Amino acid sequence: MSAEIMAWSWLLAPLAASLLITLALVPLGITVLQRGVVFADLAIAQWAALGALVGGTASLTLAGLPLTALAAALVCVALVHALVRNQPRHREALIGLLYVLGASLATLVVSQDPHGAQRLAQTLDGDLLWTTTGQLPALALMALLVQLWQHGLSHGWQQRLFLPLFAVAVAVAVTLAGIYVVFVSLIATPLVACARHGRSGGAVVACLAGHALGLALSATLDLPAGTCVVLATLTMASLWWLIGLRASVASDHPAAGHQTTRTSSPR
């Protein structure tokens, strides 16, 4: 039995990475939805991927932070901020075009690379299943910063620091997990949390369960990790929604039955 456990011990690093990514992205995703600028996270993720492609395998890092990905994400953040401030009426359309611009530039960057198609695909699906322990410190720093931002700052400072912090978190997560996993982690379970007026705790649990299930499926069935994590996280978000909906209906049913009984009772 112990030999079987040891055989799967290599999954501990990817699971730890999923936990740290979830702790960072779910609170940020809830804020994205509350602000109503959903395309911004996809655009910033795409520009972070663009920066990673520009940096290549020799990309400079600082405390594990990919500098080229972070620089590109910060450029996108500045552009998003300008669009939100100066073009509020058409901000979603313009941010969508910003995403297309980043994707097109990424295609150009790898167009002359013999392995360009693989590099481009990796920015979408990531390589979360093959996370190493050496990649965890940057993720841990990212998760710690988000938690301090969420629980240790006033609302005013949260608003001021949101976009720069978002750029850091997305830049770190995209280089490891890919655009698809980052986007679904930012939106799927936070969307249920916002719809149910719940706190981020339930969203974190549901998102982490999706990551764990996706990694397990990828490891056992030899399927792409990013795709498995995305589909599993969407499934967990849907189950969480249905469970909450059923609980809401169940809580309302006794009250309705009690009202009917009182109405039909004889005088």
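The values are calculated or read from the model by the stated rules, or taken from the named source; none is laboratory data. Keep in mind it's a predicted model, so treat the numbers as computed, not measured. Heads up, the Cβs are rebuilt from the backbone with ideal geometry, glycines too, and the neighbour counts pull from every protein chain shown. All accessible areas refer to the heavy atoms of the entire protein, side chains included, with ligands and DNA or RNA removed. Shrake-Rupley method; radii C 1.70, N 1.55, O 1.52, S 1.80 Å.
Some observations on this one:
- In region 90-118, the residues that are polar (S, T, N, Q) and either touching a Ser or Thr at 6+ places or on another chain (Cβ under 9 Å) or assigned to a helix (DSSP H, G or I) (or both): Ser104, Thr107, Gln118
- Test for Val174: is it in contact with a Gly (Cβ under 8 Å, 6 or more places away or on another chain), open to solvent by less than 60 Å² (accessible area, probe 1.4 Å) and either in contact (Cβ under 8 Å) with a residue 40 or more places away in the chain or more than 16 Å from Gln34 (Cα to Cα) (or both): yes
- Some residue of region 135-146 being closer than 14 Å to Leu19 by Cβ, surrounded by 24 or more Cβ atoms within 10 Å (Cβ to Cβ) and under 12 Å from the mean Cα position of the chain (by Cα): no
- Pair list, Cβ < 6 Å and 6+ apart or interchain, from region 49-66 residues that are over 15 Å from Gln135 (Cα atoms) and open to solvent by 40 Å² or more (accessible area, probe 1.4 Å) to residues that are of a type in the set (A, V, I, L, M, F, W, C) and modelled with pLDDT of 90 or more: Val54/Val109
- Failed condition for Gly126, given (1) small (Gly, Ala, Ser); (2) out of contact with any Phe, Trp or Tyr (no Cβ under 6 Å at 6 or more places or on another chain); (3) at negative phi: (3)
- Check on Gln46, buried (at least 21 other Cβ atoms within 10 Å of the Cβ) and within 22 Å of the chain's Cα centre (by Cα): yes
- Within region 74-100, being in contact with a Leu (Cβ under 9 Å, 6 or more places away or on another chain), small (Gly, Ala, Ser) and either free of Cβ contacts under 8 Å to residues at least 40 places away in the same chain or buried (at least 19 other Cβ atoms within 10 Å of the Cβ) (or both) holds for one residue alone: Ala78.
- Residue-level analysis places Ser154 among those that are among the small types (Gly, Ala, Ser) and open to solvent by 60 Å² or more (accessible area, probe 1.4 Å).
- Just one of the listed residues (Ala219, Ala212) is buried (at least 17 other Cβ atoms within 10 Å of the Cβ) and either part of a helix (DSSP H, G or I) or of a type in the set (Ser, Thr, Tyr) (or both), and it is Ala212.
- In region 13-43, of all residues being over 14 Å from the mean Cα position of the chain (by Cα) and farther than 18 Å from Leu141 by Cα, the one that is surrounded by the most Cβ atoms within 10 Å (Cβ to Cβ) corresponds to Val37.
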